[in-house]
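For reference, the structure is listed below as structure tokens.
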Amino acid sequence: MNSPEWITILIGCIACILNGAGQPLFAFLVTKMVDAFKYCSNSERRTHVLITCFIFLLFGVALLVVRFVQYATFAISGSKLTQRIRSKAFACLLRQEVAYFDRPENSSGAICTRLSSDALSIQEMSGTRLGAICQAIGLSLFGISHRIASSVAAAERFFDLFDRKPVINNTSTTGIELDEFRGEIKFDQAKFIYPTRPTSIILNKLQLNIRSGQRVALVGMLELNVSVECSLGNIFRTGTSGCGKTTFLDDIDIRQLNLQWVRSQFGLVSQEPILFDLTIAENITYGLENVSIEDIINAAKRANIHHFIDQLPQGYETRVGLKGSFLSGGEKQRIAIARVLIRRPKVLLLDEATSAMDSHNEQLVQEALEQAQTEDSSRTSLIIAHRLSTIRSCDLICVLDGGHIVESGTHTELIQRRGIYYNMLAQNNLQ
């Protein structure tokens with residue numbers, strides 16, 4: 001019976017759906033406002049807030065129009081439906097026989113109620129209730145649309161990650177593996193920059209030849225206070241985030257060598273040792289298989305940590321806690337040194353390991369590092385030095401300034417030149 005007003009009802013349903021979408025859109029605008037205060041800089045915040053407020057104003061006007069259209073269309077269609085029902089019902093009553101009105105349910109009062117209340121109930125169904133249903137549909141659709149869009153965007157980010165080809169394939173099994181690696185390293189115009197800060201050059205065209213068994217220390221200003229992992233550790237990389245031209249191991253371009261083999265030849269001792277919530281023995285042998293307890297004890301002795309471990313109630317089966325939280329800094333460092341020594345690396349990369357220790361632990365760790373560097377005469381050591389007192393015995397000390405080597409020589413030679421290295425020692429009262 002409402003078919004003559006189908007266009008009016010359709011317009012009302014569309015208005016209800018848009019009205020239902022108002023609440024999710026309002027929440028979205030509030031989120032944008034909060035993000036502007038949280039993430040935007042002071043200069044950008046004012047612009048974002050003004051734009052969002054203007055959108056709020058337009059949104060309010062649009063919502064006012066939509067609600068007016070919603071109530072007006074359903075009121076028009078409902079009133080016409082009620083009028084049509086009452087007219088048709090009254091016409092039907094006039095055609096009934098007299099006996100029809102003698103029944104109690106068809107009394108004059110009942111008929112008046114039927115024409116009044118029942119018609120209004122039908123009007124509510126085709127007006128207010130239909131509008132509420134359409135509004136709920138709009139609220140549901142627009143309420144989950146943001147979640148759906150977020151899920152789709154998250155899926156796209158995962159697919160982008162799945163499709164990305166890394167500069168270095170860590171799982172690659174191709175490349176040369178040297179039968180006898182001497183430990184000679186050559187940096188040919190080596191360059192290191194932070195990928196996120198391309199204008200901040202840490203190493204700039206570094207030219208350095210390191211012979212087998214040589215102990216080389218790099219000292220400098222603030223640019224050397226980056227860790228080995230981030231700078232010289234990037235001999236494992238290529239391109240602007242690592243080496244400039246290339247790096248050579250035993251006169252062979254590192255890019256031609258097998259990546260896993262290259263990494264197996266290097267041992268790293270950093271400022272902050274990484275220990276896992278495992279036993280001491282498991283931390284020392286982490287990544288290795290079928291290691292005997294004799295080899296573990298031997299490595300611990302060379303790292304100057306066996307006596308401490310032997311005094312523990314559970315010995316080498318003692319758990320060290322998350323990140324080695326049950327141990328002191330010196331104890332963690334010596335376990336990390338034992339982990340390096342048990343692998344018998346050909347090249348040691350040493351970030352200053354004693355920079356934040358007391359004198360007792362510093363002496364123990366320094367003795368362990370000296371043992372690690374000197375136990376194999378063919379082992380090459382590359383040291384990043386923050387404490388100049390730890391590098392006096394090095395075969396070669398290179399002073400870097402602006403990413404370049406400005407001075408090089410032994411400790412005695414550099415003292416005699418009275419250059420940058422001499423001034424650094426004087427500032428630290430170490431001369």
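The values are calculated or read from the model by the stated rules, or taken from the named source; none is laboratory data. Just so you know, these numbers come straight off a predicted model, no measurement behind them. Neighbour counts are summed over all protein chains in view; Cβ atoms, including those assigned to glycine, are modelled from backbone coordinates with ideal geometry.
Details
Matching residues to (1) in contact with a helix residue (DSSP H, G or I) (Cβ under 9 Å, 6 or more places away or on another chain); (2) surrounded by 11 or more Cβ atoms within 10 Å (Cβ to Cβ); (3) not in a loop (DSSP other than H, G, I, E, B):
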| site | (1), (2), (3) |
| --- | --- |
| N19 | yes, yes, yes |
| L25 | yes, yes, yes |
| F28 | yes, yes, yes |
| K38 | no, no, yes |
| E44 | yes, yes, yes |
| C53 | yes, yes, yes |
| L57 | no, no, yes |
| G60 | no, yes, yes |
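- Residues (more than 23 Å from R339 (Cα to Cα) and not in a helix (DSSP H, G or I)) located in the range 246-260: T246, T247, F248, L249, D250, D251, I252, D253, L257
- Candidates K332, K323, filtered to the one that is among the charged types (D, E, K, R), modelled with pLDDT under 85 and under 37 Å from the mean Cα position of the chain (by Cα): K323
- All positions within the range 382-397 that are closer than 8 Å to V219 by Cβ and at pLDDT 85 or above: I397
- Among the helices (runs of 4 or more DSSP H) confined to the range 67-164, the ones with at least 3 residues that are modelled with pLDDT under 75 are located at 98-102, 119-124, 130-163.
- Only one of the listed residues (L232, L249, L206, L259) is modelled with pLDDT under 70, closer than 28 Å to D376 by Cα and either of a type in the set (S, T, N, Q) or surrounded by 15 or more Cβ atoms within 10 Å (Cβ to Cβ) (or both). That residue is L232.
- Tallying residues that are among the β-branched types (V, I, T) and in contact (Cβ under 8 Å) with a residue 40 or more places away in the chain within the range 15-52 yields 1.
- One residue stands out in the range 1-13 among those that are in contact (Cβ under 8 Å) with a residue 60 or more places away in the chain and part of a helix (DSSP H, G or I): the one that is farthest from I76 (Cα to Cα), namely C13.
- Evaluation of N169 against (1) modelled with pLDDT of 70 or more; (2) within 30 Å of S393 (Cβ to Cβ) (one fails), failing number: (2)
- Just one residue in the set I274, I254 is within 21 Å of E352 (Cα to Cα) and either at pLDDT below 55 or in the same structural domain as D310 (by TED's automatic domain parsing) (or both); that residue is I274.
- Flag if P313 is surrounded by 20 or more Cβ atoms within 10 Å (Cβ to Cβ), in a loop (DSSP other than H, G, I, E, B) and at pLDDT 85 or above: no
- Selection status of K301, of a type outside the set (F, W, Y) and either within 37 Å of the chain's Cα centre (by Cα) or within 23 Å of Q214 (Cα to Cα) (or both): no
- Tallying residues that are among the hydrophobic types (A, V, I, L, M, F, W, C), part of a helix (DSSP H, G or I) and touching a Phe, Trp or Tyr at 6+ places or on another chain (Cβ under 7 Å) within the range 261-280 yields 2.
- Residues (touching a residue at least 12 places away in the same chain (Cβ under 8 Å) and either over 17 Å from L25 (Cβ atoms) or in contact with a Gly (Cβ under 8 Å, 6 or more places away or on another chain) (or both)) located in the range 54-70: F59, L63, V66, V69, Q70
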